[in-house]
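The values are calculated or read from the model by the stated rules, or taken from the named source; none is laboratory data. In this text the structure is predicted, and so the values were computed from the model without any measurement. Here the Cβ positions follow ideal geometry from the backbone for every residue, glycine too, while neighbour counts run over all protein chains shown.
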Amino acid sequence: METKIKMKVKLWGVRGSIPTSGPDTEKYGGNTSCASVVYDDHLLVLDGGTGIRQCGGAYPASKRIDILLTHLHLDHIQGLGFFSPLFDPSKEVHIWGPASSSQSLFSRISRYLSPPLFPVLLRDVPCKLELHEVSNSVFDIGPFRIQSSYIIHPGPTVGYRVMRENFVFTYIPDHEPALGSHGMIQNPKWVSGYDLAEGADILLHDAQYTKEEYPIRRGWGHSSIEDAGLFASITSAKHTLFAHHDPSHSDAFLEEMLASFKLSSDVSVALAMEGFEAELA
Amino acid sequence: MPAYEIEIILNRQLADCLSIPVFITDTDGNLIFYNEPAEEVLGKRFEDTGEMPVEEWSTVFKPLDNDGNPMAPEELPLVKTLSDQYPYHRNFQIISLKGKKQPISATSYPIISRSGNFVGAVAIFWKQKLK
């Protein structure tokens, strides 16, 4: 009997802003943003936060690896220099990231991967490295079709919709669709990121703040859990993972946030958790 | 349903915060949003009309130059912006809903996205300051 190959999603880091290790964050994890999507030996890595370090050794059969960066804030690239395939001459690594109107992707990543912040220059890593700039784009990588779109977050930032056959994983870890005096405009044409998330099987979305925390952090590029839930509802995502957990939020606090949210919402949601795995088939 | 580019969405969110009339169009001049102060100028509510084709909303204004002569559409800042994607500013008069001549200043600018694409235009109406 033929075994059907499945698209597998795994989360390697779901913390926002800065890594947080310790007993208070042990359950949901302290590594910053990283997820992987695998189909057969084709590996996509979404973001290069500190979670990418463990991801690096998890798929030795993949000769080509594609890293899709949502943006270049430090918590999304901090782990790049510790991603072992970059230092393996037998690997082909492609880094995709949002185009800027001023500097190239190579130049912007090199600001981190160069002395004095890092000892090895990006141009000197031993793997076969290629960089690709994306904007509002649709492109194919192996068996995957990818859609990227700019979304509301400070600096050039995209979200990604990863499609394989009829299955969709949408990754928008940093996003403030409610930025404005009256919050989110509840009309799909006017919702940042709507096209990326519409009907997704799994949506990973920013839900960093409580509704009490959000007003004093408005404009920082993140969502309250209520706005994340509203976004999930408007986009009709089938299941949503709330992510980019605030570094000050313990496991217990996150669970209180979710319980409180669920009192007034019936959308299918859960807290993103480091190590979470799902199969889409 | 494809969503607008975020540059358009952010312009609407900004317009929503302002106390001056703001009109946002797509690249063809169709009115895709106007804020509350603009509702007073148009005599219509965005919630009621939704988006308006260029043929419909452009006839609401009856622009006159400062000598009181009717202005051709191509002389209006927004029409010029839609034509060549540059910003414009001009003083002129419009006939208010009460039939009175009302001097205004209009500023228009193109919305050029991060990708460098022309994705829409904005017109802002200001009260002319008396000298």
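Taking the criterion of being more than 7 Å from every other protein chain (Cβ to nearest Cβ) and touching a Phe, Trp or Tyr at 6+ places or on another chain (Cβ under 9 Å), the residues of region A:188-203 that qualify are A:Gly193, A:Leu196, A:Ala197, A:Ala200, A:Asp201, A:Ile202, A:Leu203. Please work out which residue is surrounded by the fewest Cβ atoms within 10 Å (Cβ to Cβ), limiting yourself to region A:20-35 and to residues that are in a loop (DSSP other than H, G, I, E, B) and touching a Phe, Trp or Tyr at 6+ places or on another chain (Cβ under 9 Å). If we take residues in region A:20-35 being in a loop (DSSP other than H, G, I, E, B) and touching a Phe, Trp or Tyr at 6+ places or on another chain (Cβ under 9 Å), then A:Gly29 is surrounded by the fewest Cβ atoms within 10 Å (Cβ to Cβ).
Here the condition is being within 14 Å of chain A (Cβ to nearest Cβ) and free of Cβ contacts under 8 Å to residues at least 12 places away in the same chain; of B:Leu18, B:Leu14, it holds for B:Leu14 alone.
Each residue in region B:86-117 was checked for being polar (S, T, N, Q), touching a Ser or Thr at 6+ places or on another chain (Cβ under 9 Å) and more than 14 Å from every other protein chain (Cβ to nearest Cβ), and 3 of them qualify.
Evaluating A:Lys238 against the criteria (1) under 22 Å from A:Lys27 (Cα atoms); (2) part of a loop (DSSP other than H, G, I, E, B); (3) in contact with a strand residue (DSSP E or B) (Cβ under 8 Å, 6 or more places away or on another chain); (4) not aliphatic (A, V, I, L, M) leaves one unmet condition, (1). When B:Pro37, B:Pro21, B:Pro53 are screened for being surrounded by fewer than 14 Cβ atoms within 10 Å (Cβ to Cβ) and closer than 30 Å to A:Gln186 by Cβ, only B:Pro53 passes.
Residues are listed down the side, and each one gets a yes or a no for (1) away from chain B (no Cβ under 14 Å); (2) crowded, with 24+ Cβ neighbours inside 10 Å; (3) not in a strand (DSSP E or B):
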residue	(1), (2), (3)
A:Ser181	no, no, yes
A:His205	yes, yes, no
A:Lys211	yes, no, yes
A:Pro215	yes, no, yes
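So that you can scan it fast, the table gives a plain yes or no per residue for (1) in contact (Cβ under 8 Å) with a residue 24 or more places away in the chain; (2) over 18 Å from A:Met273 (Cα atoms); (3) part of a strand (DSSP E or B); (4) charged (D, E, K, R):
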{"site": "A:Val37", "(1), (2), (3), (4)": "yes, no, yes, no"}
{"site": "A:Gly48", "(1), (2), (3), (4)": "yes, no, no, no"}
{"site": "A:Arg53", "(1), (2), (3), (4)": "yes, no, no, yes"}
{"site": "A:Leu72", "(1), (2), (3), (4)": "yes, yes, no, no"}
{"site": "A:Gly81", "(1), (2), (3), (4)": "yes, yes, no, no"}
{"site": "A:Ser90", "(1), (2), (3), (4)": "yes, yes, no, no"}
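Scanning region A:120-138 for residues that are farther than 13 Å from A:Pro98 by Cβ and in contact (Cβ under 8 Å) with a residue 24 or more places away in the chain, which turns out nearest to the other protein chains (Cβ to nearest Cβ)? Going through the qualifying residues, I end up with A:Glu130. With respect to the conditions (1) more than 16 Å from the chain's Cα centre (by Cα); (2) surrounded by 15 or more Cβ atoms within 10 Å (Cβ to Cβ), A:Ala252 falls short on a single one, namely (2).
Restricting region A:149-179 to residues that are more than 14 Å from every other protein chain (Cβ to nearest Cβ) and under 17 Å from the mean Cα position of the chain (by Cα), which is surrounded by the fewest Cβ atoms within 10 Å (Cβ to Cβ)? Out of the qualifying residues, it is A:Met163. Regarding A:Gly97, is this residue modelled with pLDDT of 95 or more, over 21 Å from A:Asp41 (Cβ atoms) and in a strand (DSSP E or B)? In short, yes.
Of everything listed in (1) at the interface with another protein chain (Cβ under 9 Å from one of its Cβ atoms); (2) of a type in the set (Phe, Trp, Tyr); (3) within 21 Å of the chain's Cα centre (by Cα), the single unmet condition for A:Tyr112 is (1).
Taking (1) within 14 Å of another protein chain (Cβ to nearest Cβ); (2) surrounded by 15 or more Cβ atoms within 10 Å (Cβ to Cβ) in turn, B:Phe61 satisfies each apart from (1).
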